[in-house]
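What follows is a short report on a single structure.
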Amino acid sequence: MCGSYLAILLSLAAGAIYVVVQTLYAQTTRVHLTVKDLPSLTLIHITDLHGRIRFLNGSLHRLLNRWRPDMVFVTGDLAQNSGQLAYVMDEIARVRAKRGIYFVPGNYEREEMRGAEDSLSSQRTYPKAQSMHLRFCF
């Protein structure tokens, strides 16, 4: 009987560790494509951050900047509530993409993002994003 409880406890612990690693570790996948007559580019796509910008293997901007991206494509959901969006945008502003960052908001931040392009340019809401080369696609 004691062995059954131990097996259940170990299974629950393994499941918890799996969930934590899957949630807190940023996974990357590299895909190499060759297209005739096009220059070599490093493209990064990030999605569904849900307010998370720190991971077990580093902060978001450091993880992305290691790849020296030409372009970054960000698709929502960046935040789960309006309080998270400003610090996520500030973190994305630290990403250095040679040819720009392109953003399509998700349902969580769509309302918050109304007028965000004006906020970015006037520095009212996202002060660190002043030099960010960001294009909004609605």
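Each residue of the range 68-78 was assigned a 3J(HN,Hα) from its phi angle through the Karplus expression (A = 6.51, B = -1.76, C = 1.60, θ = phi - 60°), giving 6, x, 7, 9, 10, 10, 10, 10, x, 9, 7 Hz with x at Gly and Pro. Qualifying chymotrypsin sites (Phe, Trp or Tyr not before Pro) in the range 7-92, where qualification requires a DSSP coil assignment and no more than 11 other C-beta atoms within 10 Å, comprise Tyr25. Between Thr34 and Trp67, residue separation times 0.36 nm minus the direct Cα-Cα distance comes to 10.1 nm.
No lab work stands behind these numbers, since they all come straight from the coordinates. Keep in mind it's a predicted model, so treat the numbers as computed, not measured. Every residue, glycine among them, receives a Cβ derived from its backbone with ideal geometry; neighbour counts consider all protein chains shown.
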